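**Student:** My questions all concern the structure below.
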Amino acid sequence: EMTRMRKNGQRFPAFTTVTAIMDPSGRTSGFVEIVRDITVRKSLEQQLRETKEFLENIMESSVDGILTTDLKGKLTYVNRAMEEMLQYDRKEVLGTHISRFYVKGIEQAREVMKFLKEVERTENYEMMVRTRDGKERTIMTSLFLLRNEEGQIIGTEGIFKDIFAQKLLEAEL
């Protein structure tokens with residue numbers, strides 16, 4: 001990749017391939033250059049980066065915990081609110097199995113996945129999670145399956161709200 005110049009002096013990003021032309025004796029007698037204008041590709045890459053940053057900012061700014069898993073239940077994304085809720089740094093938990101945080105462990109993870117495969121998405125699903133210090137917290141979550149462009153399931157996403165304080169208040173009343 002390099003920057004090239006048009007006849008009018010305007011610069012543009014290009015992908016260039018240069019090949020030597022050999023004469024019958026094997027000496028280089030010239031070069032052939034193929035230049036492909038990649039202005040559109042570079043523009044699309046920039047738009048994609050900006051969209052990604054925009055969406056990441058939204059997810060990081062959420063007061064609700066957000067996480068995603070792959071098909072095997074391993075965490076692929078954890079936002080700031082989820083880190084605070086579970087009391088773990090995302091670097092510590094990315095790649096670990098979601099069941100690590102469920103009070104019911106792997107049984108709960110299997111139950112959630114089975115349920116999601118039946119209904120695709122659910123809201124106000126109440127469950128218990130365990131924080132780093134071992135405390136159990138009641139959370140309310142919206143869960144749904146993530147699909148790729150072909151419609152194949154590639155993982156899950158959950159949006160979590162800690163309702164521990166609400167449950168305490170309900171118990172007092």
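**Student:** Among what's in segment 109-130 and is in contact (Cβ under 8 Å) with a residue 24 or more places away in the chain and part of a strand (DSSP E or B), pick the residue that is surrounded by the most Cβ atoms within 10 Å (Cβ to Cβ).
**Tutor:** 129
**Student:** Please enumerate the residues belonging to segment 138-158 that are touching a residue at least 24 places away in the same chain (Cβ under 8 Å), open to solvent by less than 60 Å² (accessible area, probe 1.4 Å) and farther than 15 Å from residue 119 by Cα.
**Tutor:** 138, 139
**Student:** Condition first: open to solvent by 90 Å² or more (accessible area, probe 1.4 Å) and either over 27 Å from the mean Cα position of the chain (by Cα) or closer than 21 Å to residue 5 by Cβ (or both). Now tell me which residues in segment 26-65 satisfy that.
**Tutor:** If the condition is that a residue be open to solvent by 90 Å² or more (accessible area, probe 1.4 Å) and either over 27 Å from the mean Cα position of the chain (by Cα) or closer than 21 Å to residue 5 by Cβ (or both), then 27, 31, 34, 36, 40 are the ones that fit.
**Student:** For segment 96-108, give me the residue count where each residue is open to solvent by 50 Å² or more (accessible area, probe 1.4 Å) and hydrophobic (A, V, I, L, M, F, W, C).
**Tutor:** 1
The values are calculated or read from the model by the stated rules, or taken from the named source; none is laboratory data. Nothing here was measured: the structure is a model prediction, and the numbers come from that model. Glycine also receives a Cβ, built like all others from the backbone with ideal geometry; neighbour counts cover every protein chain displayed. Surface areas here come from the heavy atoms of the whole protein model, side chains and all, with no ligands, DNA or RNA. Shrake-Rupley method; radii C 1.70, N 1.55, O 1.52, S 1.80 Å.
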